[in-house]
1. Pick from A:Gly44, A:Gly40: which is surrounded by 13 or more Cβ atoms within 10 Å (Cβ to Cβ), on the phi > 0 side of the Ramachandran plot and among the small types (Gly, Ala, Ser)?
2. Quick one: in the range B:278-301, of everything that is closer than 30 Å to B:Arg384 by Cα and assigned to a strand (DSSP E or B), which residue is farthest from the other protein chains (Cβ to nearest Cβ)?
3. For a quick check of your reading of the model, give me the residue pairs whose first member lies in the range B:683-702 and is assigned by TED's automatic domain parsing to the domain that holds B:Glu504 and closer than 17 Å to B:Leu639 by Cβ, whose second is at pLDDT below 95 and assigned to a loop (DSSP other than H, G, I, E, B), with beta-carbon atoms closer than 6 Å and at least 6 apart or on different chains.
4. Failed condition for B:Gln89, given (1) in a helix (DSSP H, G or I); (2) closer than 27 Å to B:Ala496 by Cβ, with all others met?
5. As an exercise: evaluate A:Arg38 against (1) at the interface with chain B (Cβ under 9 Å from one of its Cβ atoms); (2) assigned to a strand (DSSP E or B) and give the number of the one condition it does not meet.
6. Being within 13 Å of another protein chain (Cβ to nearest Cβ), within 27 Å of B:Val378 (Cα to Cα) and part of a loop (DSSP other than H, G, I, E, B) is the filter here, so list the residues in the range B:150-206 that pass it.
7. From the list B:Leu519, B:Leu541, exactly one residue is crowded, with 22+ Cβ neighbours inside 10 Å and farther than 24 Å from B:Phe264 by Cβ. Which is it?
Amino acid sequence: MKRTFDLTVNGQRRQLSTEPDTTLLHVLRNDLGLKGTRFGCGMGLCGACFVLLDGRPAPSCDIPMWSAAGKEVTTVEGLADGDKLHPLQEAFLAEQAAQCGYCISGILVSAAALLAENPHPDERDVAAALDRNLCRCGSQGRIIRAVLRAAEGGV
Amino acid sequence: MSSLPKGLAANPRLSRWITISPDGTVTVRVGKVELGQGITTALAQIAADELDVDLGQVRMAPPTTGEGPDEGLTSGSMSVADSGAALRQVCAEVRALFVAEAAVKLGLDPDTVTVHDGVIGDATGTRTVTYGQLAAHVDLDRDADGSARPKSADELRLTGTSVPRLDLPDKIAGKPRFIQDLTLPGQLYGRVVRPPSPAATLIDVDTAAVRALPGVVSVVRDGRFLGVIAEDEDAAERAADALRAAARWRGEPTLPDEDDLPGFLRAGPVDSAVVADVGTAGDVVRRLRASYSRPYLAHASIAPSCGVAWWDGDTLRVWSHSQGIYPLRRAIAKALDLAEARITVRHLESAGCYGHNAADDAAFDAVLLARSVPGRPVHVRWSRRDELTWAPFGSAMSAEVEAGLDAAGNVADWSYQVWSQGHTSRPGYAGSPGLLSAAHLARPHELPPPVDPPPAGGGGTARNAVPGYTFPRVRVHAHRVLRAPLRSSALRTLGAFFNVFATESFLDELALAAERDPLEYRLAHLADPRARAVLEAAAELGQWHRRGAEDSVGHGIGFARYKGRGAYCAVVAEVEAVHEIRVRRLSVAVDVGRVVNPDGVRNQIEGGAVQAASWTLKERVRFDRERVTSDDWESYPILRFSEVPRVEVALLSRPDEPSVGAGEAVHGPTAAAIGNAVAHALSVRVRDLPITAERVVAALVD
């Protein structure tokens, strides 16, 4: 039975009619057309679908709409300021910190949460903050360097 | 006329490869696909270099059957070597045609014409014309004839520079770019309900209740192929869950004992081949012998596979992240008895695949489901569980190595035997379509035992089974197992990862027995200066001289030349073994001949080293006698951020040597270096991958 849910996505108020147990990821990708958040496992175990939920990284594939209702959601599309990329995105480009890039949206979201809480992390802090994000191509070293670069403002 | 590169000889028509538009845009069509390895960027660099156009003028078109050249598969680290050589020749000929036309138009001697940033003219720049302006006057609908000479190393501007990847801006901005993001008009969503185990048979399924669910458009059953189609993804998932619950299956215990994979592999039946039998043994004073093994490994792509199909009247359109759009088209045609000309397969990017994963299978799933809804495109995405349990695996392998040492401790005799399932069951292999669901239909196309690429293609089971060292006598036998209870196919490096691990581990055991330093021992058996150079460079980068200076820390080294004729690579691993095995640092030296994109090569090497560390330390497909049980990221763990070693890369410059691929060079040497470092740290040898704390404890007890 569909119900109506209110939430804020990338700063915009949204009202959506869905089944209560439809996932937030499904709504983002299919109802709101925000394809940057990726499906990876459907169990919250890989990080590809991470979004910020009230500022904290959360697996949107494993969050039903009833639980997302009323919250602030930030997706990878919401990191940039209009056409101006987020400093993390600039740093990822500068470091060429990706291979296939499928995991990157979720990693950017986790890294953004880290920098909001700890603007000057060291390598260990970054690795710990990204430990719930899997990357199969082996780009972790570049990704850590990119996050440190963004933190140093050295983009 | 000089001979044409292989890919060009098969697809000689220039217009297949290149279109130049009046606005100056150069559209390049290649048969090699972007897998996240950066090949699109490297090939764009090559085209821009040979044509003397700005990189911004080059547009790389998504490979599509019937449009671009058929270059077979994107595999085996051959794209830069094969497609790169073909594209260089194509662009050199296209450039020559435009130069000739410009000379006529401008009244210049062709030998004096220069090309710069897409502008063709005299040296002073007074009489010029652009590629775009000449586009309508130069007919590219002609065959390459080898008449133009590609540039030499010193004439290239972009080759050898780290041009940023062309695809990363979209991916880092989170733009829709992957096949998973494709949304076609009127698109429906399909899900397949797989059997619970490889040999399970369907007893019965009541589809009526599923058909009645909201949003369900169609339920498909054909043999043990079950699927649903719905108006949206959410409805498709719910319907698939209901269909799964409604199906009753009977399992069969067909799988081997996961704790005795060498026993399973060696029991055969096998197809055996003598890979090498050369030389005469020296004077042997002692013999050593050891067995090594690896488990089945999953490709474990971060994105579950995806395919899209659209039957419309007489035509079938397919979107796939396949490594080979033409082979996939042939396989679909064969499975459905369709004319190839009716089918178009277009490549779209997905996550990295690292070999033959479920990309082709997912495309065929979409084809089968979409057949029930003609006129509507159907988008099919696999589940994580299916990706980890139904995509082909890299085969388990087992090796028996024996060596005779002379009085100085040098190798006087070398014998190596390896057992493995075949490493290829790609679409079209062994005369079959080679598509998973085709084997599940009521009139099935069974999946034959996987095969191996021929030696000319680098082999499979035997890839890198012949050591790259100068030994007086070398015997190598490869045994391909003719049973495949678990489906196996190409996983990055095929047999090379394991063969290099086994060979290089044993070489360390020999060095230890001979009381020699492992680096010195290798160099003593190596004449090739390029091989020696990577070993010496890795040793320097990895501070080999500090070996043994720190308690509980081990240093190990590994070397191989990929396929015996590709990239040279050596790795020094620094491992800390206290409560757990921790790889702190991997120092890699690599020689890929002429480097097209240095940062691209570094990215491949860094990533490959981390992936190989993950295979070496953590990965193992788990199963009971009936079904695969490693079906999520907890039961199939891979290396995490906090576990990833620091990777340093020394890229040796060889501008005058032919370019060879970088994507698979580092895997084998990394595994060997880690194994050797663990043995150095703990004085115990783990010969069965993965090297886990439990395996180390078990080896200590032995």
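1. Among A:Gly44, A:Gly40, only A:Gly44 is surrounded by 13 or more Cβ atoms within 10 Å (Cβ to Cβ), on the phi > 0 side of the Ramachandran plot and among the small types (Gly, Ala, Ser).
2. Once the filter is applied, the top-ranked residue is B:Ser293.
3. As it stands, the answer is B:Ala693/B:Glu580, since those pairs meet every condition given.
4. Here B:Gln89 clears every test but (2).
5. Every condition holds for A:Arg38 apart from (2).
6. Within the range B:150-206, B:Asp167, B:Gly174, B:Lys175, B:Pro176, B:Arg177, B:Leu182, B:Thr183, B:Gln187 meet the criteria.
7. Matching residue, one of B:Leu519, B:Leu541: B:Leu519.
Residue-wise test of (1) out of contact with any Ser or Thr (no Cβ under 7 Å at 6 or more places or on another chain); (2) within 18 Å of B:Leu14 (Cβ to Cβ); (3) among the hydrophobic types (A, V, I, L, M, F, W, C).
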position: B:Thr124; (1), (2), (3): yes, no, no
position: B:Val129; (1), (2), (3): yes, no, yes
position: B:His137; (1), (2), (3): yes, yes, no
position: B:Arg142; (1), (2), (3): yes, yes, no
position: B:Glu155; (1), (2), (3): yes, no, no
position: B:Gly160; (1), (2), (3): yes, no, no
position: B:Arg165; (1), (2), (3): no, no, no
position: B:Thr183; (1), (2), (3): yes, no, no
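The values are calculated or read from the model by the stated rules, or taken from the named source; none is laboratory data. Computed from a prediction, not measured in an experiment: that's the story for all the values here. Here the Cβ is made from the backbone with ideal geometry for all residues, glycine too, and neighbour counts use every protein chain on show.
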